[in-house]
Amino acid sequence: MKQTVNFNDFCDAFRDMGRNENFSYKGKRALFDYLEETESDTGEEVELDVIALCCEYNEDTIEDILQNYDIGSIEELEEKTSVIMVNDTHALYQVW
């Protein structure tokens with residue numbers, strides 16, 4: 001059984017699972033929009049699994065991401081994994 005969720009439901013699911021702090025509000029918005037776009041592009045529904053999303057994606061400052069992974073640019077990171085820009089200073093990236 002599937003249920004359609006809006007952004008508020010998405011945020012509530014993180015709160016209800018005790019994972020509200022895993023992503024910023026803007027990070028959740030970016031992830032939600034990315035997942036909706038993925039559904040639209042592929043024609044396949046995405047299951048809302050908060051724990052899996054928290055294991056699969058991290059949010060950090062671009063500076064820290066580049067430093068932690070010893071890479072020179074976001075473009076270089078995008079060659080290795082999915083990157084979802086949150087704003088000019090923060091990004092979500094898929095853990096690899």
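In the condition set (1) out of contact with any Lys or Arg (no Cβ under 9 Å at 6 or more places or on another chain); (2) surrounded by 13 or more Cβ atoms within 10 Å (Cβ to Cβ); (3) modelled with pLDDT under 95, Tyr69 is compliant with all but (1). Residue selection: Asn87 fails the criterion of being surrounded by 11 or more Cβ atoms within 10 Å (Cβ to Cβ) and within 18 Å of Arg19 (Cα to Cα). Does Glu47 satisfy being under 28 Å from Arg15 (Cβ atoms) and modelled with pLDDT of 95 or more? No: the conditions fail for Glu47.
Give the range 34-59 a look and list any residue that's within 19 Å of His90 (Cβ to Cβ) and surrounded by 13 or more Cβ atoms within 10 Å (Cβ to Cβ), or say none. Passing the criteria: Tyr34, Leu35, Leu53, Cys54, Glu56, Tyr57, Asn58, Glu59.
For the criterion of being surrounded by 11 or more Cβ atoms within 10 Å (Cβ to Cβ), in a helix (DSSP H, G or I) and touching a strand residue (DSSP E or B) at 6+ places or on another chain (Cβ under 7 Å), Tyr93 fails.
Scanning the range 46-84 for residues that are in contact with a Leu (Cβ under 8 Å, 6 or more places away or on another chain) and not charged (D, E, K, R) yields a total of 14.
Residue count for the range 69-90 under the criterion of being closer than 12 Å to Tyr34 by Cα and either outside any loop (DSSP other than H, G, I, E, B) or more than 16 Å from the chain's Cα centre (by Cα) (or both): the result is 3. When the range 1-32 is limited to residues that are assigned to a loop (DSSP other than H, G, I, E, B) and small (Gly, Ala, Ser), the one that is nearest to Asp60 (Cα to Cα) turns out to be Ser24.
Only residues that are among the small types (Gly, Ala, Ser) and touching a residue at least 60 places away in the same chain (Cβ under 8 Å) were counted in the range 10-60, giving 3. Is it true that some residue in the range 48-66 is closer than 24 Å to Met1 by Cβ, in a loop (DSSP other than H, G, I, E, B) and aliphatic (A, V, I, L, M)? Within the range 48-66, one or more residues are closer than 24 Å to Met1 by Cβ, in a loop (DSSP other than H, G, I, E, B) and aliphatic (A, V, I, L, M). Among the numbered conditions (1) more than 12 Å from the chain's Cα centre (by Cα); (2) not in a loop (DSSP other than H, G, I, E, B), the only one that Leu35 does not meet is (1).
The values are calculated or read from the model by the stated rules, or taken from the named source; none is laboratory data. Small disclaimer: the values here were computed from a predicted structure and weren't measured. Cβ coordinates were reconstructed from backbone atoms using ideal geometry, including for glycine residues, and neighbour counts include every protein chain displayed.
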